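Okay, structure first, notes after.
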Amino acid sequence: MALSLKGMQQLYDDMGIPQKVAKFVQEAHEGIKAMFEPIDELREYHQARILKFMGQYQVSQRHFYPSTGYGYGDEGRDTLDKLYAAVFGGEDALVRPHWVSGTHVISDCLFALTRPGDVILSITGKPYDTLEQVIGMGNDPSDGSLAEWGVGYKQVDLTPQGDIDIPTVLSLLDDPRIKLVLIQRSRGYSLRPSLSVKQIQKALRDIKSKRSDVFVVVDNCYGEFTEELEPCHVGADIAVGSLIKNPGGGLAPTGGYAVGTSRAIEKLSYRLTYPGTGREVGSYAASYTPFYQGLFLAPHVVGEALKGAMLMAKAFEKLGYETSPRWDEVRYDIIQAIHLRSAEELIAFCQAIQSASPVDSHVLPYPWDMPGYRHQVIMAAGTFVQGASIELSADAPLKPPYVVYLQGGLTYEHVKLALMKVLAQMYRKGFISLP
Ligand SMILES: *Cc1c(COP(=O)(O)O)cnc(C)c1O
């Protein structure tokens with residue numbers, strides 16, 4: 001019981017957390033701890049796998065030496081690629097700090113695996129916001145988009161139950177121009193449920209038995225280490241994600257990764273650098289140490305984030321709010337959506353998360369127009385790595401139904417304290433009442 005420590009109550013006072021808020025959150029915690037078991041089991045499993053593969057590839061100090069210039073023969077880079085391929089179940093992988101973010105890798109993937117005249121088919125509805133301009137959706141395709149390049153786009157929405165609409169997908173695959181199928185595993189900034197790897201597996205089986213020639217690309221952002229298997233274990237041609245989310249373990253300072261078949265990864269490597277040379281070049285003077293160490297920590301950190309998300313859901317459900325997923329639902333990503341009741345509540349929520357951050361806690365976030373996003377967004381991101389969403393962060397587009405998306409948390413304790421600060425703020429503003 002946290003409240004039994006004498007110094008703790010003083011700290012809550014110092015942080016402006018009323019006793020009844022601390023007590024309420026403590027009770028929410030007591031109500032969920034019995035559900036930690038499967039999360040702990042999962043992370044022990046992934047820890048063991050990562051440890052095994054690190055041993056297998058004889059990761060050693062020499063892989064941590066920085067490289068410069070062209071980076072020919074950079075063993076740190078090349079061994080990290082092999083490690084990711086093994087951990088994420090692909091034949092090959094590329095893990096690079098040169099990729100700015102997840103969107104950058106997905107974009108490179110779409111360009112690398114299509115040619116003018118081809119059509120991309122998204123089978124999980126509208127893809128993540130930042131991809132709209134990559135694809136060139138809407139009336140005025142931005143310069144350099146796939147649309148401008150002559151690559152078309154179609155989408156199939158998820159069924160009302162949140163499943164892939166396989167019959168529609170299969171009938172569209174009669175169109176031979178479709179050369180790439182895009183699947184988004186996580187909910188991203190939308191209210192759809194996240195897909196399980198099992199659902200992805202079923203779709204892959206059906207798609208591949210009809211059209212073995214299409215590339216199936218999985219946007220794996222936020223899904224890593226939340227389940228036993230990853231998309232490439234069940235036949236995805238390529239799965240890609242961001243290193244400042246799950247697999248970076250909070251330590252990777254930037255970058256993206258792609259894991260997949262040798263053929264898909266080779267094509268991607270020519271887009272990553274240039275045709276003919278591909279993966280042979282690319283140096284990193286800052287050393288790959290945080291990428292290795294981050295991957296080593298990632299299963300543990302993802303577990304902390306999952307527990308934190310569960311606690312947030314539990315507390316807000318107790319207060320009568322709708323959440324997705326609900327606290328005791330099986331989770332396939334680290335995102336927690338909470339339906340608040342107004343723009344004012346969204347702003348109060350995000351400002352309180354910011355105030356509970358280890359970095360920039362004195363800064364007050366406001367809604368703003370973000371590059372790549374269509375609506376004003378408010379973000380709380382008091383993170384060590386700029387924009388890292390494996391660290392505790394919250395984002396909310398300022399539009400009904402007033403949903404805040406919360407993710408990350410390097411430690412469960414931090415998420416718990418942040419929840420107390422959120423509820424303290426909402427209580428002070430009269431948005432909630434507490435027993
Ligand atoms: C984060 C994310 C991306 C990529 O976003 P970046 O900010 O560019 O890393 C793509 N898809 C989903 C579902 C995401 O969550």
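Please treat every number below as a calculation from the coordinates, not as lab data. These figures come from a predicted structure and were not determined experimentally. So basically every Cβ, Gly included, is an ideal-geometry build from the backbone, and we count neighbours across all protein chains shown.
Under the rule of at least 5 residues apart or a separate chain, name every residue whose amide H is placed under 5 Å from the amide H of Gln376.
Under 5 Å from the amide H of Gln376: Leu398.
Find the relative contact order for the stretch 254-350 and round it to a whole percent, using C-alpha pairs within less than 8 Å whose residues are 6+ positions apart.
Numbers: 63 pairs, mean separation 14.2, N = 97.
That works out to 15 percent.
In whole Hz, what ³J(HN,Hα) sequence does the stretch 68-74 give by Karplus (6.51, -1.76, 1.60; θ = phi - 60°), x for Gly and Pro?
9, x, 5, x, 4, x, 6
Using amide H atoms built in the peptide plane, which far-off residues or other-chain residues are under 5 Å from Ile178 H to H?
Those lying under 5 Å, H to H, from Ile178 are Val119.
Which of Leu423, Leu243, Leu131 ends up with the largest GNM mean-square fluctuation for the chain, with Cα atoms connected below 10 Å?
The residue that fluctuates most here is Leu131.
Using the Cβ atoms and a cut-off under 14 Å, what net charge is assigned to the surroundings of Tyr284, where Lys and Arg are +1 and Asp and Glu are -1? Can you show the working numbers first?
Details: positive: Arg77, Arg96, Arg279; negative: Asp74, Glu75, Asp78, Asp81.
With Lys, Arg at +1 and Asp, Glu at -1, the net is -1.
For a footprinting-style exposure proxy, rank Leu204, Leu406 by other Cβ within 10 Å, fewest first. All intermediate terms of the calculation are to be shown ahead of the outcome.
Details: Leu204 21, Leu406 31.
Fewest-to-most ranking of Leu204, Leu406: Leu204, Leu406.
In the stretch 1-154, if the dipole is taken from +1 on Lys/Arg beta carbons and -1 on Asp/Glu beta carbons about the Cα centre, which of Val95, Gln19, Ser145 is farthest to the positive end?
With unit charges placed on the Cβ atoms, the residue in question is Gln19.
Check Tyr153: other-chain or 5+ apart residues with amide H under 5 Å from its amide H, H built from backbone geometry?
Counting only residues 5 or more places away or on other chains, the set is Ile120.
Can you sort Trp149, Trp368, Trp327 by how many other beta carbons sit within 10 Å, fewest first? Each step should come with its number before you reach the end.
On the way: Trp149 15, Trp368 11, Trp327 21.
So the ranking, lowest neighbour count to highest, is Trp368, Trp149, Trp327.
So how far, in whole Å, is the C-alpha centre of the stretch 63-93 from the one of the stretch 104-137?
Comparing the Cα centres of the stretch 63-93 and the stretch 104-137, I get a distance of 26 Å.
What does the helix-only formula give at 222 nm for the chain: each DSSP H stretch with n ≥ 4 adding -39500 (n - 2.57), the total divided by the residues, and the result rounded to the nearest 500 deg cm²/dmol?
Calculated at 222 nm, the ellipticity per residue is -12000 deg cm²/dmol.
Contact order normalised by length for the chain, with contacts defined as Cα pairs under 8 Å and 6 or more residues apart; what percent is it? Each step should come with its number before you reach the end.
Working: 895 pairs, mean separation 78.0, N = 435.
Here the relative contact order equals 18 percent.
With a cap of 15 neighbouring Cβ atoms within 10 Å, and only residues DSSP puts in a loop, list the GluC sites (Glu not before Pro) found in the stretch 327-435. Show your work: numbers first, answer last.
On the way: sites: Glu329, Glu344, Glu345, Glu391, Glu413; in loops: Glu329, Glu391.
Of the GluC sites (Glu not before Pro), the ones in loops of the stretch 327-435 whose Cβ has at most 15 other Cβ atoms within 10 Å are Glu329.
Got a sec to turn the phi values of the stretch 116-125 into Karplus ³J(HN,Hα) couplings, 6.51 cos²θ - 1.76 cosθ + 1.60 with θ = phi - 60°, whole Hz, x for Gly and Pro?
These are the phi-based 3J(HN,Hα) values: x, x, 6, 10, 9, 10, 8, 10, 10, x Hz.
Rounded to whole Hz and in sequence order, give me ³J(HN,Hα) for the stretch 395-402 from the Karplus expression 6.51 cos²θ - 1.76 cosθ + 1.60, θ = phi - 60°, writing x for Gly and Pro.
9, 8, x, 7, 8, x, x, 6
Which one of Thr114, His233, Gln133 has its Cα pushed farthest toward the positive end of the charge dipole of the stretch 100-242, where Lys and Arg give +1 and Asp and Glu give -1 at the Cβ?
His233
Rounded to the nearest 5, what is the percent of antiparallel bridges among the DSSP beta bridges in the chain?
Values: 27 of 43 bridges.
Antiparallel: roughly 65 percent of the beta bridges in the chain.
For a 30 Å ceiling on Cα separation, which of these pairs sit above it: Lys33/Lys126; Lys210/Lys307; Lys23/Lys126; Lys126/Lys267? Mind dumping the intermediate values first?
Working: Lys33/Lys126 36 Å; Lys210/Lys307 40 Å; Lys23/Lys126 41 Å; Lys126/Lys267 25 Å.
The pairs that break the limit, which is 30 Å between Cα atoms, are Lys33/Lys126; Lys210/Lys307; Lys23/Lys126.
Where a Cα-Cα gap under 19 Å defines reach, which lysines qualify for Lys208, not counting those fewer than 8 residues away within the same chain?
Leaving aside lysines fewer than 8 places away in the same chain, those within reach of Lys208 are Lys154, Lys179, Lys198.
If each residue's Cβ is checked for other Cβ atoms within 10 Å, how do Glu44, Glu227 rank with the fewest at the top?
Working: Glu44 13, Glu227 19.
Fewest to most other Cβ atoms nearby, the residues stand as Glu44, Glu227.
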